[in-house]
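This report refers to the structure that appears directly beneath it.
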Amino acid sequence: MPPRPNRLAAAMLSLLAFAPVAAAQDAPPPGFQRLANDSDLTGWWGFETEDPRAIYALTPDALAKRKADSLADINAHWTNDRGVLTNDGHGLYLTTDKLYSDFELRLEYKTVAGADSGLYLRGVPQVQIWDSTEAGGKWGIGADKGSGGLWNNSDGAPGKDPIVLADHPFGEWNSLRVLMVGERVSVWLNDHLVVCHARMENYFDRALPIPREGPIQLQTHGGEISWRNIFIREIAPDEANTILASHAQTAFETAFDGQSFAGWAGPTDSYEIIDGALRCKPHSGGTIYTEAEYADFAVRFEFKLPPGGNNGLAIRYPGEGDTAYVGMCELQVLDNTDPRYAGLDPRQFHGSAYAQAAAHQGYLRRPGEWNFQQVTVVGSRITVELNGTRILDADLASITEFMYEADKFPGRTRTRGHFGFAGHSDPVEFRNISIQRLND
């Protein structure tokens, strides 16, 4: 008598034959969105190492054509197998349709011997990925230090070289976590911090800051590479401010207690304290300033502008007069996005040393949102970092062209003075004000 068939086993085999293959992707962490689906390359297009400012300055029609024309190359060199994106080592870089400003990005990658790849942030190179072994042949340019660094930063600049070597052996997946706020980038490779809050330089023009927003790009550079579990989370302004304030916080001393004008002088009756913030009263003004004087210093604070709001930072202020002229300078605090300011001289926009040096524009948040700013004054040089992006780096002693005659600025060579706020009748608010003395 022939053996009786095992009906349970047969049923199980039948079910397995028709069951869908398990997805290769994990579920996104809370708050994250998936950047790749499980089947195709929807949401991506391609370009290589090219200044994103030029690309996104195209007309909408020209940009749409550029994207459509890139897809043949993308589909020839990239595949999506259940959420694993693989490139054969050639072709255009896989580029998100969506643009991102401040974000946290998490992904995994796996590559081969001799590979050299990277992750472009807002279209700018790059978080480096490469063969870190001696056999890879690139120890002479830093591969011995491992992946994860901001390799296109200048030699010796923070972040260029990873803090530790954290690469996994070939054939294993590596995990990357990237936190980007303004130009400030932190990178974790396989749970090791390899870049800590370093300023990422603009490879395309180091005199310019990184664009405020741009795409994520997965670079291909001669060796097969696969990517999976690509998740992104956009960072809101309040969280971004917290991240920016969390670095080197212990070196700063509180300059405003959020409750009183203790430690401040000048026309304090023109200001009020609301919910821990210092606010210029509407239709009032004048310069209030710290009782303490500073030579070289750094100051950090948050500020909020009403539509069209106007105020200023008094730098090395002598305690009387107009700080724009008798102080080292007045650094503009201004909602220059308001139409009423369309015709201003560039040296009058937010972050500029009024009438002396122009700041880069486009990095202010919308009126009504809190911005984070740090100003560093060393000798005659002033650096302004707004929401994590350097918008001014100027040596006032070297300036030869002013909005007015040079003799209107007798205070610009001052080496010591007070820090303060120069109110101009608008209810601009300041909070979390702290100062660090430098070389003083």
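A few comments on the model shown:
- Enumerated strands (runs of 3 or more DSSP E) restricted to the range 28-123, each holding at least 1 residues that are surrounded by 14 or more Cβ atoms within 10 Å (Cβ to Cβ) and among the small types (Gly, Ala, Ser): 44-47, 116-121
- Every residue from the range 268-289 that is touching a strand residue (DSSP E or B) at 6+ places or on another chain (Cβ under 8 Å) and without any contact (Cβ under 8 Å) to a residue 40 or more places away in the chain: THR268, GLU272, ILE273
- Selected residue (criterion: surrounded by the most Cβ atoms within 10 Å (Cβ to Cβ)) from residues of the range 307-326 that are over 15 Å from VAL377 (Cβ atoms) and among the hydrophobic types (A, V, I, L, M, F, W, C): ALA324
Yes/no matrix, rows are residues, columns are (1) more than 16 Å from GLY223 (Cα to Cα); (2) loosely packed, with under 15 Cβ neighbours inside 10 Å:
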| site | (1), (2) |
| --- | --- |
| ILE129 | no, no |
| SER132 | no, no |
| GLY137 | no, yes |
| GLY146 | yes, no |
| GLY149 | yes, no |
| ILE163 | yes, no |
| MET180 | yes, no |
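- Only a single item in (1) touching a strand residue (DSSP E or B) at 6+ places or on another chain (Cβ under 8 Å); (2) on the phi < 0 side of the Ramachandran plot; (3) of a type outside the set (S, T, N, Q) is not met by PRO339, and it is number (1).
- Of the residues making up the range 389-416, those that are assigned to a helix (DSSP H, G or I) and either under 11 Å from ALA355 (Cα atoms) or within 31 Å of the chain's Cα centre (by Cα) (or both) are LEU396, ALA397, SER398, ALA406, LYS408, ARG412.
- Members of the range 49-71 found to be of a type in the set (D, E, K, R) and out of contact with any strand residue (DSSP E or B) (no Cβ under 6 Å at 6 or more places or on another chain), listed by number: GLU50, ASP51, ARG53, ASP61, LYS65, ARG66, ASP69
- Positions within the range 278-294 being farther than 8 Å from PRO427 by Cα, assigned to a loop (DSSP other than H, G, I, E, B) and of a type outside the set (A, V, I, L, M, F, W, C), in sequence order: HIS283, SER284, GLU291, GLU293
Where a number appears in this text, it was derived from the coordinates with a stated rule and is not lab data. If you're wondering where the values come from, they're calculated on a predicted model, not measured in any experiment. In this analysis, Cβ positions are derived from the backbone assuming ideal geometry, glycine residues included, and neighbour counts consider all displayed protein chains.
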